[in-house]
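Inspection log for the structure reproduced underneath, given as structure tokens.
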Amino acid sequence: MRILFLFFILFLFQVKLVAQFDSLSRFQYDVSLNDVWGYEDELGNEYAIVGLYNGISIVEVSNPNNPVELFRSYGPETVWRDVKVFGDHAYVTNENRNGMRIYNLSVLPYSYTIPNKEFQGGVGKEFETAHNIFIDEKGRAYVVGTDRGGMIIYDLTEDPWNPKEIGFYDQNYIHDIYVENDIAYSAMISDGYFKILDVSNPNSINFISSHPTKDLQTHNTWISDNGNYLFTTDE
């Protein structure tokens, strides 16, 4: 009886916490959104890089009660963009055309005109579309869901403005990916499972393990902070 009573009190406390949870502010767009990532400049100002149906938006969120849009860049119209940051550069993929767009964020906060360019890979290794991108702690970008197939791996450390291809994996269509400590957790959406890969040598990627998800539409992957759990969902 005491256990049930304690459970009831905890349940009420949880409901109360949920009921009190609220947003600090809201920024309204006139187009649909698809992704968001963060960036912090050298002075500690914080920004949200928001994927839009027709481009990206950079919003200063240093004061979360008063978000301010500083920059908007237009690009191919698409329901899906993905954004990741390495150092002072943002990398944005899309599912329409023109490959990946690179933004040089180092001008913030002194200028709100962000230099950018289209990147489609090296000669003979071009891609036009990509569903997702992940950048690991080594400064390697994993571009997946491309029209070239599989996964393209780029090194960003030598020249982040001009990524250098260092690996390619084309055994499956990869919809989403998370990489840490040279282990890639890849979501093979239509194949219905996630696959774990050893990417320590990008030129020789090795299979470690795989596992199906409940509804066989493995959409995404992410691991817990301690590395003991993998989180995934079906689309």
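The values are calculated or read from the model by the stated rules, or taken from the named source; none is laboratory data. None of these values were measured; they are calculated from a predicted model. So basically every Cβ, Gly included, is an ideal-geometry build from the backbone, and we count neighbours across all protein chains shown. Side chains are part of the model used for accessible areas, which takes the heavy atoms of the whole protein and leaves out ligands, DNA and RNA. Shrake-Rupley method; radii C 1.70, N 1.55, O 1.52, S 1.80 Å.
Brief remarks follow.
- Just one of the listed residues (ILE102, ILE177) is farther than 17 Å from GLY87 by Cα and under 20 Å from the mean Cα position of the chain (by Cα), namely ILE177.
- When residues of segment 168-191 are limited to those that are at pLDDT below 90 and surrounded by 15 or more Cβ atoms within 10 Å (Cβ to Cβ), the one farthest from TYR229 (Cα to Cα): ASN172
- Filter pass, ILE114 being among the β-branched types (Val, Ile, Thr) and assigned to a strand (DSSP E or B): no
- Filter pass, THR93 being of a type outside the set (Phe, Trp, Tyr), farther than 24 Å from GLN28 by Cα and surrounded by 15 or more Cβ atoms within 10 Å (Cβ to Cβ): no
- Of the residues in segment 202-215, at least one is at pLDDT 95 or above, open to solvent by less than 70 Å² (accessible area, probe 1.4 Å) and closer than 23 Å to ILE102 by Cα.
- Among the residues making up segment 37-61, a single one is assigned to a strand (DSSP E or B), among the acidic types (Asp, Glu) and buried (at least 17 other Cβ atoms within 10 Å of the Cβ): GLU60.
- Selection count where residues are free of Cβ contacts under 8 Å to residues at least 24 places away in the same chain and open to solvent by less than 30 Å² (accessible area, probe 1.4 Å), scope segment 63-90: 1
- As for segment 90-97, it holds no residue that is over 15 Å from the mean Cα position of the chain (by Cα), aromatic (Phe, Trp, Tyr) and assigned to a strand (DSSP E or B).
- Scope segment 112-162; condition among the β-branched types (Val, Ile, Thr) and open to solvent by less than 60 Å² (accessible area, probe 1.4 Å); matching residues: ILE114, THR129, ILE133, ILE135, VAL143, VAL144, THR146, ILE152, ILE153
- Any hit, segment 88-100, residues being at pLDDT 95 or above, over 17 Å from ILE135 (Cβ atoms) and of a type in the set (Val, Ile, Thr): no
- Which numbered condition GLY122 fails, given (1) under 12 Å from PRO160 (Cα atoms); (2) at pLDDT below 95: (1)
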